[in-house]
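Following: one structure in structure tokens, then a few remarks.
The values are calculated or read from the model by the stated rules, or taken from the named source; none is laboratory data. Note that the coordinates shown come from a computational prediction; the quantities given were computed from them, not determined experimentally. Every residue, glycine as well, gets a Cβ built from its backbone with ideal geometry; the counts of neighbours run over all protein chains shown. Remember, those area values only see protein heavy atoms, side chains included, never the ligands or the DNA or RNA. Shrake-Rupley method; radii C 1.70, N 1.55, O 1.52, S 1.80 Å.
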Amino acid sequence: MKFHIVGSYLPQDYLINARNDYENGRISHPEFRQAEDKAVEELIELQLKAGAPSISGGELRRKYWDRDFYFGLKGVDHDRVDTGRVYQNSWAYSDQMAFPERIAYNPEHPFFEFFSFLYAKVDGRSRCRQTLPSPADLYLTILDKSEGQLGRLYPSPDTLLDDITEAYRQTIMHFYEIGCRSIQLDDSACGRLTEATYADEFLRGGVDILQVQNNVIKLIEDTLAGLPSDMWKTVYLSSGPTIVPRWSAEQTPDNIMPRALAMANVDRFYLPFNTSEPETAEVLKFVNPNAAVALGLVSAHTPFHDKVNYIIDFVALAKKYIQPDDRLSISPMTGFKLSSYAQRGLVFDDQWRKIDDIKSLAASL
């Protein structure tokens, strides 16, 4: 069996220190950029040595997994709230998004420069992958912040879906033009909509939750439709902070996952599961028959070894639903990069040991 990696990696200690020094005015931007470049170059070589199927920049240049990309689009402003009282979740205290005009493609998006650096350093030794936050996550963020009333936040509510789709499609096509042949959408929107408490917040605000689901699916499908056939198109479906969605094989109007897994134009899904809940493997019966599946069965958020027998049993169940079984591979449940790594006892080398574990396990299946 093959193995895959979700795509984000823990940064080196010197890069963490450099970012802290830069944000506190102790080093210049060129000095910080030099540390970033060095870290990405080292990461490339480590991925190649590990035999990763594709090479990413590891999201080492990002402060946030999602907003760093959004801030690079036209029509998205970077607001900071440094004083006063903000009665919202902690992430809203600073680096908030504002939308003074319609969202649009930015030919000067900084991610293009970052990818070009990656592409040049890989130098044809492997396929280069670009990960992006899902367009559906941007839509849900705006819907959340506007409390379901898009006109409060976005200047053209009727064109929001089209604006997001077009900005993403043009961005992805530019990545293609500069050498990208693997694009990944990291989506937590579908997973969050499986959480009853999250969906209920919209319902109490008078939002049609089924229409929200339709919009989420449409955004992802329209973004990927018609892209070049030689570009790998992958989607990672998580549920945000809780990681594993509430997988259910019940095909009901309010269960978004059967529709999400059936989405066309996806070459591979990355799907995190709890191996202690083997019954959730049944949801795999809805996967688009043309798509491969990377089963996220190994924890990237703990330095400890995983329960191998549980993983082997889960893979055996998955093979009942995914045929031929060469469409299956195993992967970490998530990317390795997370803000709370220190509290979890993780260090930079732990991720490479985990990858070695995944490779050995995949070879035995």
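Can you report the principal axis dimensions of the chain using only the alpha carbons, biggest first, rounded to whole angstrom?
Its Cα atoms span 54, 51, 41 Å along the three principal axes.
For SER276 and LEU203 in the same chain, what is the full-extension length gain: residue separation times 0.36 nm, less their Cα-Cα distance, in nm?
Numbers: separation 73, 0.36 × 73 = 26.28 nm, distance 3.15 nm.
Computed gain between SER276 and LEU203 is 23.1 nm.
Enter the mean projected area of the convex hull around the alpha-carbon atoms of the range 1-156, in nm², rounded to one decimal. Intermediate results must be reported in sequence, preceding the final value.
Numbers: hull surface 47.1 nm².
Mean orientational projected area (the range 1-156, Cα hull): 11.8 nm².
Over the range 1-75, what is the relative contact order in percent, taking alpha-carbon pairs closer than 8 angstrom and at least six residues apart? Before the final figure, lay out the partial values.
Details: 50 pairs, mean separation 29.6, N = 75.
Computed value for the range 1-75: 39 percent relative contact order.
For the chain, give me the percentage of DSSP beta bridges that are antiparallel, rounded to the nearest 5 percent. Mind dumping the intermediate values first?
Working: 4 of 32 bridges.
So the antiparallel bridges in the chain amount to around 10 percent.
Quick check for you: with a 1.4 Å probe and neighbouring chains kept, what is the accessible area per residue of the chain, in Å²?
Working: 16470 Å² over 365 residues.
Solvent-accessible surface per residue comes out at 45 Å².
Which one, LEU361, VAL298, ILE322, is farthest towards the positive end of the dipole of the range 281-365 when Lys and Arg carry +1 and Asp and Glu -1 on their Cβ?
Of the listed residues, the answer is ILE322.
Between the range 292-365 and the range 206-231, what's the alpha-carbon centroid distance in Å?
28
With a 1.4 Å probe and every protein chain left in place, tell me how much accessible area THR275 has, in Å² to the nearest 10.
30
For the range 215-258, restrict the atom set to alpha-carbon positions and state the Rg and Dmax in Å.
Cα only, the range 215-258: 13.2, 35 Å (Rg, Dmax).
Per-residue accessible area for HIS78 at 1.4 Å probe radius, Å² rounded to 10?
Spelled out: HIS78, probe radius 1.4 Å, area about 100 Å².
Sequence-distant or interchain residues sharing an amide H contact under 5 Å with MET263, placed H: which?
Residues meeting the criterion, in which the H sits 1.01 Å from N, are ASN288.
Can you pull the accessible area of ASP144 for me, 1.4 Å probe, Å² to the nearest 10?
Accessible area, nearest 10 Å²: 60 Å².
In Å and on Cα atoms, what radius of gyration and Dmax does the range 278-360 show?
Both quantities, over Cα of the range 278-360: 14.2, 41 Å.
Over the range 257-325, what portion of Cα pair distances is larger than 16 Å, expressed as a whole percent? Before the final figure, lay out the partial values.
Values: 1089 of 2346 pairs.
Cα-Cα pairs in the range 257-325 separated by more than 16 Å: 46 percent.
Calculate what fraction, in whole %, of the accessible area of the chain sits on carbon and sulfur atoms when a 1.4 Å probe is rolled over the protein chains.
Within the chain, the accessible surface is 48 percent carbon and sulfur.
For LYS145, which lysines qualify as cross-link partners when the Cα separation must be under 26 Å and same-chain residues fewer than eight apart are set aside?
LYS63, LYS74, LYS218, LYS337
Among the lysines, which fall within straight-line cross-link reach of LYS285, defined as a Cα-Cα distance under 19 Å, with same-chain neighbours fewer than 8 residues apart omitted?
Excluding near neighbours in sequence, the set is LYS319, LYS320.
Which residues make up the longest stretch of the chain that has no GluC sites (Glu not before Pro) in a DSSP loop with at most 15 other Cβ atoms within 10 Å? Please list the in-between numbers first.
Working: sites that count: GLU101, GLU108, GLU147, GLU195, GLU250.
Of all site-free stretches, the longest is 251-365.
Please go through the range 1-84 and write out the trypsin sites (Lys or Arg not before Pro) that DSSP classes as loop and that have at most 15 other C-beta atoms within 10 Å. Could you put the intermediate results ahead of the total?
Working: sites: LYS2, ARG19, ARG26, ARG33, LYS38, LYS49, ARG61, ARG62, LYS63, ARG67, LYS74, ARG80; in loops: ARG26, ARG61, ARG62, LYS63, ARG80.
Passing both the DSSP loop test and the Cβ count: ARG26, LYS63, ARG80.
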